[in-house]
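Visitor: Quick one: the structure is below, questions incoming.
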Amino acid sequence: MLFRSAAGTTIRVYDTAQGSEQAYLKAQLDGADFIVGPLLRPEVDQIIGQAGFVPTLALNFATRQGTFMRGFYQFALAPEDEARTIAATAAVAGARTALAFVPGNARGTQIGDTFRAEFEARGGQLVDSGTYDPALQDFSKPIAALLNVTRSDQRYRRLAANLGEALQFEPRRRQDVDMIFLVADARTARLLMPQLRFYSAGDVPAYATADIFDPASTQRDSDLNGVVFADAPSLLAPDDATAALTREWRSFWPQRAGQLRLYGMGIDAYTLVGSLFASDARGWPVRGLSGDLSLDDEGRVHRTLPLAQFRNGRPAPLDQPPAIGKPSGDLLGQR
């Protein structure tokens with residue numbers, strides 16, 4: 001996408017289907033004053049070698065960090081920003097120890113590592129982490145292992161074998177954690193949360209990334225009640241103008257309601273052009289539809305996000321998180 005400023009403002013759109021490098025070079029040759037895009041991470045990696053001549057706002061983060069060059073900026077709906085917000089939120093609420101349960105892939109590992117770094121920087125400790133296969137529906141084994149229920153059962157079996165008689169036994173989960181950090185989409189979370197309750201983790205506050213909320217869903221997700229998550233303000237706490245805009249998006253593209261975060265990001269990208277083109281530090285942070293936006297030393301735009309908690313199956317905005325360790329009617333175990 002090209003943003004051009006001359007007598008007025010002209011926007012041209014370049015199709016990257018024929019190659020992001022070619023489209024990027026053509027935008028430069030056509031006299032662009034500012035370029036916005038491309039959107040996909042591999043495409044951002046491809047154009048870096050051609051950057052540095054025209055101010056650019058890439059709509060994703062490059063794979064490699066330390067790629068900053070003057071006039072090249074990066075903006076993404078990165079779940080790592082959500083993980084940082086959750087870690088900071090939980091620490092302020094009183095959490096000192098945590099478990100993490102994430103998909104067993106590179107993305108899950110990266111988000112989990114981001115949470116760990118932020119949580120430990122704020123004085124917390126990630127005492128253990130576990131992974132799961134998102135393609136499955138039964139998460140009982142990794143959950144039992146993460147909660148030390150498996151170890152409890154093994155101790156019982158050894159004791160029963162040594163005594164040579166059956167014993168009355170109820171497995172107990174670990175008692176050394178203040179919260180659980182989850183990375184799961186809405187479909188997976190609907191399966192995962194009841195299994196956490198089954199293993200007696202219903203009273204442990206659960207925090208999650210924005211994936212857990214599907215804005216296209218009209219059903220009540222009662223299985224998610226009590227979970228606190230971070231997401232875009234355009235979805236959780238819109239002002240009147242943003243709410244009206246969201247209704248307009250839904251009316252024109254009802255089949256794309258799940259992409260509302262991307263629409264908000266597009267508007268934020270347009271807003272950011274002015275601040276980045278002018279290099280005006282006084283304009284930061286920027287209040288956007290996708291978060292409160294700040295710029296780091298490597299030219300990456302990061303988001304600080306509001307919170308919501310599932311109540312009666314729907315997200316309810318939170319001014320502040322529930323205090324850790326104090327009973328609440330919206331704890332994970334409540335339905």
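Visitor: Normalising by the residue count of region 204-315, find the relative contact order in percent from Cα pairs under 8 Å and 6+ residues apart.
Guide: 38
Visitor: Classify the chain as rounded, prolate or oblate, taking a ≥ b ≥ c as the square roots of the eigenvalues of its Cα gyration tensor: rounded when a/c is under 1.5, otherwise prolate if a/b is larger than b/c and oblate if not.
Guide: Prolate shape, in that a/c is at least 1.5 and a/b is the bigger ratio.
Visitor: Using a 1.4 angstrom probe and counting only protein chains, how large is the accessible area of Arg172 in Å², to 10?
Guide: Counting only protein heavy atoms, Arg172 exposes about 150 Å² to solvent.
Visitor: Here's something else I'd like to know. Summing Lys, Arg as +1 and Asp, Glu as -1, what charge do residues with Cβ under 13 Å from the Cβ of Gln46 carry, Gln46 excluded?
Guide: Here the count lands on -1.
Visitor: Enter the accessible area of Trp253 (Å², nearest 10), with the probe set to 1.4 Å and all protein chains included.
Guide: Rounded to the nearest 10, that gives 100 Å².
Visitor: Which value in nm describes the separation of the simple spin-label points at Phe198 and Arg250, placed 7 Å from the Cα toward the beta carbon?
Guide: 3.4
Visitor: Using a simple charge model, +1 on the beta-carbon of Lys and Arg, -1 on the beta-carbon of Asp and Glu, nothing else, what dipole does region 24-156 show about its Cα centre, in debye to the nearest 20?
Guide: Using Cβ point charges on Lys, Arg, Asp and Glu, region 24-156 gives about 320 debye.
Visitor: Let me ask you something else. Which distance in nm do the two modelled labels at Asp296 and Asp319 give, with both placed 7 Å along the Cα-to-Cβ direction?
Guide: With each label placed 7 Å out from Cα toward Cβ, I get 3.2 nm.
Visitor: OK, next. For Leu29 and Thr9, calculate 0.36 nm times their separation in residues minus their Cα-Cα distance, and state this gained length in nm to one decimal.
Guide: Additional length available on full extension: 5.4 nm.
Visitor: Then there's this: Could you tally the net charge around Ala83, taking each other residue with its Cβ under 10 Å from the Cβ of Ala83, Lys/Arg +1 and Asp/Glu -1?
Guide: -3
Visitor: Related question: Using a 1.4 angstrom probe on heavy atoms only, work out the carbon and sulfur share of the accessible area of the chain in %.
Guide: The C+S portion of the solvent-accessible surface of the chain is 50 percent.
Visitor: Let me spell out the model: positive unit charges on the Cβ of Lys and Arg, negative unit charges on the Cβ of Asp and Glu, origin at the Cα centre of region 16-83. What dipole size does that give, in debye rounded to 20?
Guide: Its charge dipole is roughly 200 debye.
Visitor: Picking from Pro285, Pro233, Leu59, whose Cα lies most toward the positive end of the charge dipole for the chain (charges on Cβ: Lys, Arg +1; Asp, Glu -1)?
Guide: In the chain, that residue is Pro233.
Visitor: Quote the charge dipole size of the chain about the Cα centre in Debye, to the nearest 20; the model charges only the Cβ of Lys and Arg (+1) and of Asp and Glu (-1).
Guide: Once rounded to the nearest 20, the dipole reads 640 debye.
Visitor: Counting DSSP beta bridges with both partners in the chain, what percentage is antiparallel, nearest 5?
Guide: 45
Visitor: In terms of solvent-accessible area of protein heavy atoms at a 1.4 angstrom probe, what is the ranking of Asp268, Asp292, Asp297, highest value first?
Guide: Order by accessible area, largest first: Asp297, Asp292, Asp268.
Visitor: Explain nothing, just the number: relative contact order of region 18-57, from Cα pairs under 8 Å at least 6 residues apart, as a whole percent.
Guide: So the answer I get is 53 percent.
Visitor: With each run of n ≥ 4 DSSP H residues scored as -39500 (n - 2.57), what mean residue ellipticity at 222 nm is computed for the chain after dividing by its residue count and rounding to the nearest 500 deg cm²/dmol?
Guide: -11000 deg cm²/dmol
Visitor: What accessible area per residue comes out for the chain, rounded to a whole number of Å², with a 1.4 Å probe?
Guide: Using a 1.4 Å probe on heavy atoms only, each residue of the chain averages 50 Å².
Visitor: Once a ≥ b ≥ c are taken as the square roots of the eigenvalues of the Cα gyration tensor of region 69-136, is the result rounded (a/c under 1.5), prolate (a/b larger than b/c) or oblate (a/b not larger than b/c)?
Guide: oblate
Visitor: For region 16-64, just run the numbers: alpha carbon Rg, then divide by 2.2 N^0.38 Å, N being how many residues it has.
Guide: 1.00
Visitor: Follow-up question, since we're still on this one. Remind me, relative contact order of the chain in percent, using alpha carbon pairs under 8 angstrom and six or more residues apart?
Guide: Worked out over the chain, it gives 17 percent.
The values are calculated or read from the model by the stated rules, or taken from the named source; none is laboratory data. Model, not experiment: these values are computed from the prediction. Ideal geometry is used to build each Cβ from the backbone, glycine not excepted, and the neighbour counts take in all protein chains shown. SASA here: full protein model, heavy atoms, side chains in, ligands and nucleic acids out. Shrake-Rupley method; radii C 1.70, N 1.55, O 1.52, S 1.80 Å.
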